[in-house]
Structure formats: structure tokens, C-alpha cells
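The structure under discussion appears below in the form of C-alpha cells.
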Amino acid sequence: MPIGLAYCRRTWCHHLALDFLALHPRTLDEREQVTGVGSGIVYGLVQLAKALRIRRIWGEATVHSAPLYERLLAVEPILDLFVIESREMTAIQTGRQKSRDGACHNRQSCAIINT
């Protein structure tokens, strides 16, 4: 059973447009102790963009997804449009590397983030 997915496409300008990012409802339940799924998926999108030499990822946030993008991009408020460019991609990769280096406090979340 998938725990999350991202539907994206390359635009005519060679950007990556994130049409939607969806998480399984159980990943949102605090009792399940599953964290980092959304940020892990965004990390994967950054890796894809880097591999394809895409310099910009953009998408639209909903009222429910905006807090995730605000945390990842350290930008407030995100009302709908968000853009991830070189500086943000590097920050996302660095944050991901920190979790791989043992900064996670929850073993289950580290296992999911590091797959």
C-alpha cells in the first residue's frame, strides 16, 4: 500500500510542475508515528529535478498543504503558489542529509525518510 505519491510534469520551459502531492490518511494520524512522508516526497522531487537539470519546481498549495511547504521552504505565508529554486533545493537536500546522519528522534520516521 503506498503511503504517498506525487504527480508532476515537465513544463514547456523545462521546469517541474507539481500537480499534486497526496499522503495516505494514516500518515496524518499521530498515533501511527509516521512522519516525514511529505518532505521525503519533496526531497525525491528535488533529486529528480537535479538529475534532469531542472532549475525550478513550482506548484500550488492548498490550505491543508501550505504548512508543509512553509516548513520546507522557510517562507510564510504560502497562500497558493510556491516555487522551489536552487537555494531551496539545496536547503531541502541538506535537511534530508541531516536526517540520514542520525538527527531523527523517531526511528520509524527515519526508516521511512531514508528509504
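The values are calculated or read from the model by the stated rules, or taken from the named source; none is laboratory data. Bear in mind that the values here come from a model prediction, so they are computed numbers and not experimental data. FYI the Cβ positions are ideal-geometry reconstructions off the backbone, even for glycines, and counts take in every protein chain you see.
In table form, for the structure just shown:
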item	result
Set Trp12, Trp58: member being farther than 25 Å from Pro77 by Cβ and not β-branched (Val, Ile, Thr)	Trp12
Residue selected from region 1-18 under the condition outside any loop (DSSP other than H, G, I, E, B), modelled with pLDDT of 95 or more and not aliphatic (A, V, I, L, M), by the criterion farthest from Arg56 (Cα to Cα)	Tyr7
Per-region count, region 19-59, residues assigned to a loop (DSSP other than H, G, I, E, B), surrounded by 15 or more Cβ atoms within 10 Å (Cβ to Cβ) and modelled with pLDDT under 95	4
Residue, surrounded by the fewest Cβ atoms within 10 Å (Cβ to Cβ), within region 60-99, restricted to residues that are touching a helix residue (DSSP H, G or I) at 6+ places or on another chain (Cβ under 8 Å) and part of a strand (DSSP E or B)	Phe82
